[in-house]
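Taking it in order: structure first as structure tokens, then the write-up.
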Amino acid sequence: MIEVRDARKWIQNGARRVDILKGLTFTIPAGQFVAIVGASGSGKSTLLGLLAGLDSPSAGEIWLDGVPIHNLAEAQLAAVRGRKIGFVFQSYQLIPTLTALENVLLPYELNSEGRGLKKARTLLNSVGLEERMEHYPIQLSGGEQQRVAIARAFVVEPPIIMADEPTGNLDSTNGRMILDLLLEHNKRAGTTLVLVTHDADVAASADRRITLRDGLIVEDTLPFVPEGAAEGVRHV
Amino acid sequence: MSEAPLPRKQALSWRRAAAIAMRDLKSAPGKFAFVVLSVAIGVAALVGVRGFSEAFRHTLGTEARSLIGGDLSARVFGTPTAEERTNVAAVEKKIPGVRTTWVTETLSMASVPPDPVPILVTLKAVDPAAYPFYGEATLDPQMPLPQALAGDSAIVADELLVRLNAHVGQTLRLGGKQLRIAAVLAQEPDRISAGAGMGPRVMISRATLDATGLLAPGSRASARLLMKLPDPMPSGLTPPEVRKDLEKALPDAQVIDYREGNPSITEGLDHATAILSLICLVAMVLGAIGVAMAMHAHLEQRMDVLAILKAVGAGSSDLLRIFLLQTLGLGLVGGLVGVAAGLGVMEALPAVFGKLLPVHTVMAFPWRSVGAGLGTGLLTTLLFCLPPLLDVRKVRPVLVLRRLVESGPEGIGGFFARVWARWLQIVVGLVVLIALFGIAWALSDSALVGKWFAAGLAATLAVLLVLAWVALRFLRFALNRVRLHLPSSLRHGLANLYRPGNQSAAVLAALGTGVMLILSVYLLQSSLLRQIKETASPRLPNVFLIDISPDEIDGVRSFFAHQQGVTAPVELMPIVRGEFQSINGKTLDQIKDEHVPQRMLQNAELTWADTQPEGDKVLQGKWWTKPDAPEIAVGEWVAQRLHLSIGSEVELETAAMGHRKLKVGAIYRSDEFHIAGRASFVVPSGQLKGEAATWYGGAHIVPARIPAMERALFAAYPTVTVINIADMLTRIESVIDQITFVIHFLAGFSIFAGLTILASSIASTRFRRMREAVVLKTLGATRMRIVRTFSVEFSVLGLLAGVVGVIFANLLIRVLLERMKVNFHIQWAAAAVALAGTALLATGTGWIASFRILGLRPLEVLREE
């Protein structure tokens, strides 16, 4: 479960402070597929960065499966990212000097014992890249690169997958294939999927949609109500 | 919410980190070539110097007996007295089977008739039946030494034949004798023990020396007793005991046992090795800075990859581990390349040292030096790379999502915040400084030298960096004012100096350090030589005469009175040798620590004068009036060292007059323009009555007339030796030239390191340059236009580095010369050569590092983007 409590993010440019997120509070239960939507500059990617432990909030708290990641030391934060979160980026973010197989293997090498080679191959097979394992990113198409990125996100079997506009750079066929892979994994493995998008169709396929505008939540289609709180409401 | 256990971050295993590091290296091996080269340069220089020193020391050890010519050697300063010979004979008697021989060395004049012009030679007389006990004299043509020295013959160094345009078989006139040149002396086993020669070697037999009449009582000669001990030694007798006996038998002698080597040589070797190692360390530090810059540039370019790695779970310590291993791997490869090149440098050094080396060094693989070079190379590389590597901690994984432009607080608070953010780098910087001190200490074997080297180098680099920064700022300031008036390729080339990622200031500082090092050595050398020449003023004698016998005095005086070109009357001074028994009531043993050589008191050179000599100024007391006054006048320097004042008592013993007490009557300072200034002790003539004296002289002659004078004097007085100061200066100059050549050779490694940094910096901005070239081409620029633009950039960079180096070298040498009380002059020609040379080298290196860019086709690059 991911819990966000009054999270704020600003950046300081000299004497000027730019507020990006202005106090967000919400909870994402385990296994949910959440789409974060909003116009460009609304703070979607910044929020995703905070949820994934890629950045720290300027104020507020982020809890991930009971772990307060907003004030974790750098090494522990790295462990959270490595073990609990798989990330898929809009621009793939593959390491250009590594082959597809090596890219998939990398999180395993960084975070797990053993070789992981078999698992990496299986995952690449499952995303249809059995013929492209020894290819470098530059030798792959955009769709293929994103499939490598998805395999990489799955390799350590993290309970949460975060995706930042994963279909943003792809044509509709490839975009659909990527989305299917993510959804299928969400259903099959029961992972939480947090996806940032501005594609209405993609957002529509999510369990829940959180809409941001100017750093604030303006819509949450399925706000999480804790069990106790729900009972309390009923009693009233 | 209940807190779940935190996932424990497992450190990346070293093996896995090594695999990732290796994968990263393999992705662009060419990019790291400059890193490898940067490490290799310093290691090569250090392994070369220390390896050679190790081999030289090894040779000294294995050839120790040959280098001394015996098991023991005892050098006496003068010809051995009858008493000394008797004492030695007594020692010999105690050791059945021992063999001894005396070797005499002196200076003399020699010529090859019919050419009457003589040259100064260093003469060595040996007993060919005994000499040398170990090793052998190599002759050309090959023949045994006794055969070569039989009868009236001599063997000579090749230099003598060259200078006199003579050949083997011709006649050599030496003293009053005509000798046949029997062979060329190609190698003399104990040359290293003979000391620096003032002229080419001539070797004759002892019998021939006696026949030349060159040796008279009091002549300036030295003798070495060579002793070969029996093997096995007689029971109850050990070499150290024999040595002690010899020291007792010859109390004034310097006794050397081959087992301990020649201390003056090993000390000299240690000092030279220390100085040269430190020069190499400069190249090594510059190389390490180059590696650090290259790694910094590499990490800057890999910022996205680092962010991805962090996003997929790598911690800062994992990244540090990966890049530390990468640096170490590169350092190791560079170190091994450096070791291979260092072995080449080691082989080349004998040629670089030229005639400075008295021994043929037998080369062997220098394990210790290789270990030292490799270890030092790796350590400096690692230490200097730590600050840039630590920057991986600052890489924020959120970079994968968006590039936040966060400049942080401004003003003084912002400055301190930025300093604080880099506290670990500052601590590492201090560790680097301490490590540099430790390395310099280890290389020089002196904590003091280590401390000053580390502080000096750090300060120099800091000042050079500031100078470089100021130069670049000034250029930019000037450029901003005139840029639109400049031709476009010049403007574009100058603007390139400020290209993002260009490490112009660091390149300037590194290249400037090399220029500074080489120019400083040159400026010091030329200033010292100029000073030596300037102090040889017209008022000083430019010709010295030695070993004039008393019966030749009137003749020599008259000779100079009738010579053309003599600008001042010849000055002649008698020298009598005596021994001080006590000074101020203390025996010589009790004043061993007074910083006056014991030999100067045991074998004191005394002269007499009943009136105050010309050029001497009495500082205390007054000159005696009676020729038999029991007084002595002492030079200021010696008086200070021996704590002598007016009325102090000394006990003196001379051969004829025996023992007497004298009181210090005067303390004087000589103006050093007169020959009297050469004596430190003057007594009334009555105090040296009947003593055997040798006379010395000094004259000033118009330089052009010196050869004619030498010719005539040699014809009339063949045993009088003439030392022409101009010849000596030439000889000193050639030795200084050779020493500075060695230093320049090693300082050249620093320039090379600086150029490698430049090349590395160019390589790290290769993609930007490619883009620029492609954009220019797309806009219609020709290749020549791009060549011009880049050439402006490289040559201005070189020129600025030259300016920085020239300014700092002049500042440094000015301070140094002021302390040495030597006049400083700006040497414009040297500065111009340094500037032009650096600009040319920088331009050449720049083109070597970027020539491929020119051939690129625009589409190749644009498509890759």
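Computed values, structure above
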{"quantity": "Among (1) at pLDDT 85 or above; (2) on the phi > 0 side of the Ramachandran plot, the one test that B:GLY195 misses", "calculated": "(1)"}
{"quantity": "Any hit, the range B:679-698, residues being β-branched (Val, Ile, Thr) and in a helix (DSSP H, G or I)", "calculated": "no"}
{"quantity": "Counted residues, the range B:715-727 - those being surrounded by fewer than 15 Cβ atoms within 10 Å (Cβ to Cβ) and at pLDDT below 80", "calculated": "1"}
{"quantity": "Evaluation of A:PRO158 against (1) part of a helix (DSSP H, G or I); (2) within 14 Å of chain B (Cβ to nearest Cβ) (one fails), failing number", "calculated": "(1)"}
{"quantity": "Residue match in the range A:147-155 (condition: surrounded by fewer than 18 Cβ atoms within 10 Å (Cβ to Cβ) and either part of a loop (DSSP other than H, G, I, E, B) or not small (Gly, Ala, Ser) (or both))", "calculated": "no"}
{"quantity": "Failed criterion for A:GLY86 (all others in (1) away from chain B (no Cβ under 13 Å); (2) under 21 Å from A:VAL34 (Cβ atoms) hold)", "calculated": "(1)"}
{"quantity": "From B:ILE786, B:ILE807, residue being surrounded by 15 or more Cβ atoms within 10 Å (Cβ to Cβ) and farther than 20 Å from B:LEU528 by Cα", "calculated": "B:ILE786"}
{"quantity": "Unmet criterion (only one of (1) among the aliphatic types (A, V, I, L, M); (2) assigned to a strand (DSSP E or B); (3) within 10 Å of another protein chain (Cβ to nearest Cβ)) for A:VAL34", "calculated": "(3)"}
{"quantity": "Some residue of the range B:68-87 being under 34 Å from the mean Cα position of the chain (by Cα), assigned to a helix (DSSP H, G or I) and among the hydrophobic types (A, V, I, L, M, F, W, C)", "calculated": "yes"}
{"quantity": "Filter pass, A:GLU134 being more than 20 Å from A:ALA153 (Cβ to Cβ) and touching a Leu at 6+ places or on another chain (Cβ under 7 Å)", "calculated": "yes"}
{"quantity": "Within the range A:1-30, considering residues that are farther than 22 Å from A:ALA79 by Cβ and either small (Gly, Ala, Ser) or part of a helix (DSSP H, G or I) (or both), the one farthest from the other protein chains (Cβ to nearest Cβ)", "calculated": "A:GLY23"}
{"quantity": "Flag for B:LEU12 being buried (at least 20 other Cβ atoms within 10 Å of the Cβ), touching a helix residue (DSSP H, G or I) at 6+ places or on another chain (Cβ under 7 Å) and within 14 Å of chain A (Cβ to nearest Cβ)", "calculated": "yes"}
{"quantity": "Condition met for B:PHE453 (under 26 Å from B:LEU811 (Cβ atoms), loosely packed, with under 13 Cβ neighbours inside 10 Å and either hydroxyl-bearing (Ser, Thr, Tyr) or outside the structural domain of B:LEU389 (by TED's automatic domain parsing) (or both))", "calculated": "no"}
{"quantity": "Hey, B:LEU343 within 14 Å of chain A (Cβ to nearest Cβ), farther than 23 Å from B:ALA763 by Cβ and in a helix (DSSP H, G or I) or not", "calculated": "no"}
{"quantity": "Top-ranked residue in the range A:49-70 [being more than 21 Å from B:VAL400 (Cα to Cα) and of a type outside the set (D, E, K, R); ranked as nearest to the other protein chains (Cβ to nearest Cβ)]", "calculated": "A:GLY66"}
{"quantity": "Condition met for A:SER40 (more than 10 Å from chain B (Cβ to nearest Cβ) and among the hydroxyl-bearing types (Ser, Thr, Tyr))", "calculated": "yes"}
{"quantity": "Exclusive hit being crowded, with 21+ Cβ neighbours inside 10 Å, in contact (Cβ under 8 Å) with a residue 12 or more places away in the chain and more than 13 Å from the chain's Cα centre (by Cα), set A:GLY53, A:GLY43, A:GLY82", "calculated": "A:GLY43"}
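Residue by residue, here is whether (1) surrounded by fewer than 17 Cβ atoms within 10 Å (Cβ to Cβ); (2) in a helix (DSSP H, G or I); (3) modelled with pLDDT of 80 or more holds:
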position: B:VAL650; (1), (2), (3): no, no, yes
position: B:PHE673; (1), (2), (3): no, no, no
position: B:HIS700; (1), (2), (3): no, no, yes
position: B:LEU713; (1), (2), (3): no, yes, yes
position: B:LEU729; (1), (2), (3): yes, yes, no
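The values are calculated or read from the model by the stated rules, or taken from the named source; none is laboratory data. Keep in mind the model is a prediction, meaning the values are calculated, not measured. Every residue, glycine among them, receives a Cβ derived from its backbone with ideal geometry; neighbour counts consider all protein chains shown.
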